[in-house]
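For reference, the structure is listed below as structure tokens.
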């Protein structure tokens, strides 16, 4: 029989893990597990072991621990255990996996582990940023975005799967807010292999020019194979930032390629304000692996002058959810702000869409 009970309304995850004495296991391996270990260390905790779902254990080891199966952990910890999720997957898959952990006597925690930056999301961090959080929340007027904003803050505080799964709202609804004929030139920052570019070409019939930026050589090679009969495509082997130059880069052809101090190779950076062909753009998408703030600052003049729709990832750093909308509102007050998030685990794929009044459809039913 389990002897542990976590009530997120009464105690923080870290306080529960510290005070209860519950055995703590990392659920997953790799970079996420390294971050989860650091998360535990901040509370004076260390993992008792590592496990993976049954069927994924093949004699591996991680951080000095043999990787156990879920059934191994259940047998080892008959009184219950905490599972610290340290991998990503679609929401429906996560629900099934977590249900199995709970049936085996585990309590599942999905802590907010920022992908980049030195800040960590905990109660002290959120208390320190309370004023910014309040001001950012006031930027949203539609009920779906407000509900999502609150749910995201709640799951950051509780690390509870139920709160995570309540924090989802498809981005698809936001395209209905924008006049499709208003998007004639666009920028795809973090173009990867062209998946977003293809969507934009299909979605906006008036689109005539698309500037695609991707610093990872392997992904850029794939990106260049993209073609269109009606849209002029420009390809730039660079990442968007606050200035033109070079920075160390950690690549590999995957979605997580990013600028990093310990990057093995240099990659070019580009500020949109320094690029003449970017002038007059109607849409800027920024999914640039933690460089979103720098990319916005590098397009400051363009944003103020041309007032494009902005589609910005706001989940890579702990403060992005509130600091980036505040930055955009400071540059251009007459924008409408909306949030969306895919049903994934953990709280990734959070997108801020900022729409200038003149590109908004103006249908009050959207408010």
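For the reader, a short list of remarks on this structure follows.
- Members of segment 240-256 found to be within 19 Å of the chain's Cα centre (by Cα) and over 17 Å from residue 290 (Cβ atoms), listed by number: 253
- Scope segment 170-192; condition surrounded by fewer than 21 Cβ atoms within 10 Å (Cβ to Cβ) and in a helix (DSSP H, G or I); matching residues: 172, 173, 175, 180, 181, 182
- In the condition set (1) over 27 Å from residue 124 (Cα atoms); (2) part of a loop (DSSP other than H, G, I, E, B); (3) touching a residue at least 12 places away in the same chain (Cβ under 8 Å), residue 51 is compliant with all but (2).
- Residue in segment 358-366 that is touching a strand residue (DSSP E or B) at 6+ places or on another chain (Cβ under 6 Å) and at pLDDT 95 or above present: no
- Single unsatisfied condition, residue 123 versus (1) within 21 Å of the chain's Cα centre (by Cα); (2) at pLDDT 95 or above; (3) more than 18 Å from residue 346 (Cα to Cα): (2)
- Count of segment 166-185 residues which are in contact with a helix residue (DSSP H, G or I) (Cβ under 6 Å, 6 or more places away or on another chain), touching a residue at least 60 places away in the same chain (Cβ under 8 Å) and over 15 Å from residue 352 (Cα atoms): 2
- Just one residue in the set 44, 105 is in contact with a helix residue (DSSP H, G or I) (Cβ under 8 Å, 6 or more places away or on another chain), on the phi > 0 side of the Ramachandran plot, in contact (Cβ under 8 Å) with a residue 40 or more places away in the chain and assigned by TED's automatic domain parsing to the domain that holds residue 20; that residue is 105.
- Residues in segment 256-272 that are in a loop (DSSP other than H, G, I, E, B) and under 19 Å from residue 31 (Cβ atoms): 256, 257, 260, 261, 262, 263, 264.
- The set of residues in segment 142-168 that are touching a strand residue (DSSP E or B) at 6+ places or on another chain (Cβ under 7 Å) and either over 30 Å from residue 226 (Cβ atoms) or buried (at least 21 other Cβ atoms within 10 Å of the Cβ) (or both) comprises 142, 144, 145, 146, 148, 149, 152, 159, 161, 164, 167.
- Qualifying residues in segment 130-141 (those that are in a loop (DSSP other than H, G, I, E, B) and modelled with pLDDT of 95 or more) - the one surrounded by the most Cβ atoms within 10 Å (Cβ to Cβ): 139
- Comparison of 328, 303 shows that the only residue that is under 25 Å from residue 178 (Cβ atoms), at pLDDT 95 or above and out of contact with any helix residue (DSSP H, G or I) (no Cβ under 6 Å at 6 or more places or on another chain) is 328.
- Candidates 235, 259, 204, filtered to the one that is buried (at least 20 other Cβ atoms within 10 Å of the Cβ) and over 24 Å from the mean Cα position of the chain (by Cα): 204
- Filtered by the rule that a residue be within 17 Å of residue 184 (Cβ to Cβ), in contact with a strand residue (DSSP E or B) (Cβ under 6 Å, 6 or more places away or on another chain) and crowded, with 21+ Cβ neighbours inside 10 Å, segment 279-307 gives 281, 282, 283, 284, 285.
- On inspection, residue 195 qualifies as in the same structural domain as residue 330 (by TED's automatic domain parsing) and without any contact (Cβ under 8 Å) to a residue 40 or more places away in the chain.
- Scanning segment 18-36 for residues that are at pLDDT below 95 and either assigned by TED's automatic domain parsing to the domain that holds residue 256 or surrounded by 14 or more Cβ atoms within 10 Å (Cβ to Cβ) (or both) yields 18, 20, 28, 29, 32, 33, 34, 35, 36.
- Restricting segment 76-96 to residues that are crowded, with 21+ Cβ neighbours inside 10 Å and part of a strand (DSSP E or B), the residue that is farthest from the chain's Cα centre (by Cα): 81
- Evaluation of residue 99 against the conditions (1) part of a helix (DSSP H, G or I); (2) within 20 Å of residue 348 (Cβ to Cβ); (3) modelled with pLDDT of 95 or more shows that the sole unmet condition is (2).
- One residue alone among 152, 139, 97 is outside the structural domain of residue 261 (by TED's automatic domain parsing) and either touching a residue at least 60 places away in the same chain (Cβ under 8 Å) or closer than 22 Å to residue 25 by Cα (or both), and that residue is 97.
- Residue list for segment 262-278, restricted to those being buried (at least 21 other Cβ atoms within 10 Å of the Cβ) and out of contact with any helix residue (DSSP H, G or I) (no Cβ under 6 Å at 6 or more places or on another chain): 267, 269, 270, 271, 275
The values are calculated or read from the model by the stated rules, or taken from the named source; none is laboratory data. These numbers come from a predicted model, not from an experiment. Virtual Cβ from ideal backbone geometry, glycine too; neighbours counted across all protein chains shown.
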